[in-house]
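The values are calculated or read from the model by the stated rules, or taken from the named source; none is laboratory data. Note that the structure is a prediction, hence the values are computed from the model and not measured. We place every Cβ from the backbone using ideal geometry, glycine too, and count neighbours over all the protein chains shown. Note: accessible area is taken over every heavy atom of the protein model, side chains too, but ligands, DNA and RNA are not part of it. Shrake-Rupley method; radii C 1.70, N 1.55, O 1.52, S 1.80 Å.
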Amino acid sequence: MPELLIEFFSEEIPARMQARAADDLKRLVTEKLAANGLSFDTAEAHSTPRRLALVIDGLAERTADVREEKKGPRVGSPEQAVAGFLKSAGLTSLDQCEQRDTGKGVFYFAVAEKKGRATAEVLAEIIPVVMGDFPWPKSMRWGTGTVRWVRPLHSIIALFGGAVLEGSFDLGGAQGKLVFGNSTRGHRFLSPDAFTVTDFADYKAKLRDAHVVLDRAERKAKIKADAEALAAQEGLTLSPDDGLLEEVAGLVEWPVALVGTIDEKFMDVPSEVLITSMRTHQKYFALLDKAGKMAPRFVVVANTVTADGGKAIVAGNERVLRARLSDAKFFWDQDRKTKLEDRVSKLGAITFHAKLGTVAEKVTRVQVLAAEIARAIGADVDAATRAALLSKADLVTEVVGEFPEVQGIMGRYYALGEGENPAVAEAIAEHYKPLGPSDSCPTAPVSVAVALADKLDTLVGFFAIDEKPTGSKDPYALRRAALGIIRLILENGLRLNLTQLFKAAHGAYTVGGFAAADGVATDLMAFFADRLKVTLRDQGVRHDLVDAVFALGGEDDLVRLLARVKALQTFVGSEEGANLLAAYKRASNIVRIEEKKDGKAYDQPVDPALLTLAEEKDLYGALSAAGETARPLLEKEDFTGTMAALARLRGPVDAFFDKVTVNAEQADLRANRLRLLSQIRATLNAVADFSRIEG
């Protein structure tokens, strides 16, 4: 079946936009095809710095005939309704409609028969629409044109079944139309001449002959393999950096890896600074020695082949790098002339938030909170307080001013250089962690105390001034802070009372206009419940079980909560648990319906004297025994044992529902049996709110 090939050839597209643009092109075109009743076998999008391409295979040559029906008003409806229907259907008379009996009356139906069209005609209409709707994050006009595109557009390939589609894209203004064709160009410098293509295989092959690797994954693989080979020749290894690899693949169409040298005089600058400078400004890959330390070599990926084997390119890049690293070394040397503690006062000139004071004030609050957390988790209180004091001091250093990515890391270097306690230095570096799900989580007690205090202070402050995340907007990264706290607590097994910490953090603020501490703590616990569900979902824990435990109220110890949730998951996953859950729901439904009917609750104690049948006596005894057994186990946080005690209820509950009529004719017997069912609900709800559990 015919193949569709599209290429938009332009000036260089920013690397960060390319992959998304290829996905958008595929999505927009395939959506339009579906809307026109066209199916296909495969669709594949590609991007390079100068082109977006899409190939769709297996398209039919004509769209299918379509019969469209529109149901109208009932026969005999008012004229106004009939007129509205005719107008919406594009008809002028009811004679053009059919009348059908639908079983609910006779209605008018407008029926339109649409003949299939040549796919080429449809495609020629789709492509300009897709280009007009293309969602570039940033776009521009050029020349006298009125159309916006990411960069000036030069040509469009639009081939269907090997033939050029008859169509064009109007650039507006005096630039006129860009007519669809079958011509493109190769590498900007190595093969700049135009050439024509007949289909995707021909297109891809000729691009390769013209020094363009079309496939992004292939370019990435080649860059990585070549860089690793160069590193191996030097007896080194490539420092893994997937983000940089992705970016560099969007900068070159014909990647050529080269290795350069870093001047030895810069190697006393912290490796994080060197790597950040090379990565951010020059897109160089760092190399590591056998000990895993940064080596005085780097890999640069050029977009061309030179007669001298890249010597001039390497020399030029080494010259640029020397200038960059000279600045870094100067900042590093200057920063070490002033102690971190002497910089703390300068934080008073930096606003943390207009309503939350300065960074210096935040540091003071974090010191208080870190000390309290340190006492609670058994960390060195003095070290935690000291680390909190120095944690933000590197923000006013020259290196961090130039390379914000190394904040915290530089603080550790300066602290160690000044003879601070190593635990304090590590806490300065780690108090921002974890920065995301793939980032490591601090385990050192002092680091954990400061990291928790910093995040708690931020969360409480922003919730107290009602700057909470809404929808997809989270400008202060509060969701990340909450997820960080959850990881710090769970991965370190910390038994902390979160509500108490929220109130302590709230009390450390001295600014006005805050919401009450109790309300902030309640809002934050709900916020944490949602974040916890996200975290535990990745571990295979059901969200409804988290809801069921949180619904008990008063639970703010995440470690205990997780233990209860996991025991509950095991329980409801067993045959006894699943049956008991079903019995719980049956009992709850009966009690709820009868309470609504009678207008009163049945949560009073059961009267043993009114139990007449053996099954209800057995259930009463089992419920009493389960409650007695579970109570001390719950106090000891033996949730598995508690669930085992509850599992013994299954037999008596099943027997009760098999043999006992709840709605007995005698009113006192009926009321007592409803109270017995209510006791099932109360017994199980001591562990979790079973009404929140699905299934």
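Remarks
- Gained length - ASP342 relative to GLU418, 0.36 nm times residue gap less alpha-carbon distance: 26.2 nm
- For region 174-183, backbone phi angles converted through the Karplus equation (6.51, -1.76, 1.60; θ = phi - 60°) give residue-by-residue couplings of 7, 6, x, 9, 9, 6, 4, x, 10, 10 Hz, Gly and Pro being listed as x.
- Accessible area (Å², 1.4 Å probe, nearest 10) - VAL111: 40
- About its Cα centre, the dipole of region 341-540 is roughly 620 debye, where the only charges are +1 on Lys and Arg Cβ and -1 on Asp and Glu Cβ.
- Radius of gyration, Dmax [region 635-695; alpha carbons; angstrom]: 14.0, 44
- For region 216-336, the Stokes-Einstein estimate of translational diffusion at 10 °C and a viscosity of 1.306 mPa s comes to 108 µm²/s, using the Kirkwood hydrodynamic radius over alpha-carbon pairs.
- Mean Kyte hydropathy of 1.6 or more with a Cα span along the axis of at least 18 Å, helices from DSSP in the chain: none
- For the pair LYS468 and GLN539, label points projected 7 Å from Cα toward Cβ lie 2.5 nm apart.
- At 1.567 mPa s and 4 °C, Stokes diffusion of region 341-540 via Kirkwood alpha-carbon radius, µm² per second: 76
- Computed from the C-beta positions of LYS114 and GLU218 and an R0 of 41 Å, the FRET efficiency is 0.45 to the nearest 0.05.
- In the chain, taking the dipole from charged Cβ atoms about the Cα centre, the farthest positive-side position among TYR414, VAL450, LEU190 is held by LEU190.
- Neighbour cut-off at most 15 other Cβ (10 Å), DSSP loop, GluC sites (Glu not before Pro), region 137-235: GLU166, GLU234
- Evaluated over the Cα positions of region 66-114, the convex hull gives a direction-averaged projected area, one quarter of its surface, of 3.4 nm².
- Projected-area mean, the chain, by convex hull of Cα positions, square nanometres: 46.3
- Spin-label pair ASP241-ASP439: with each label point 7 Å from Cα along the Cα-Cβ axis, the two points sit 1.9 nm from one another.
- Here the sum of -39500 (n - 2.57) over DSSP H runs of 4 or more residues, divided by the residues of the chain, equals -16000 deg cm²/dmol at 222 nm, to the nearest 500.
- The packing ranking, built from the mean of other Cβ atoms within 10 Å per residue, places the peptides 499-508, 526-535, 315-324 in the order 499-508, 526-535, 315-324, highest first.
- Positive-end extreme of charge dipole, the chain - chosen from THR280, PHE571, THR470 (charges on Cβ): THR470
- Fully extending the segment from ARG586 to ARG208, taken as 0.36 nm per residue of separation minus the present Cα-Cα distance, adds 129.2 nm.
- Within straight-line reach of LYS265, meaning a Cα separation under 30 Å, sit the following lysines at least 8 residues removed in sequence or on another chain: LYS224, LYS283, LYS290, LYS293, LYS311, LYS329, LYS337, LYS339, LYS392.
- Within straight-line reach of LYS585, meaning a Cα separation under 25 Å, sit the following lysines at least 8 residues removed in sequence or on another chain: LYS533, LYS566, LYS596, LYS597, LYS600, LYS617, LYS659.
- Estimated dipole of the chain in Debye, rounded to 20 [Cβ of Lys and Arg +1, of Asp and Glu -1, Cα centre]: 780
- Apportionment of accessible area to carbon and sulfur, the chain, percent (1.4 Å): 51
- Heavy-atom surface of region 438-582, accessible at 1.4 Å and reported per residue (Å²): 40
- Exposure rank, largest accessible area first [ILE262, ILE350; 1.4 Å]: ILE350, ILE262
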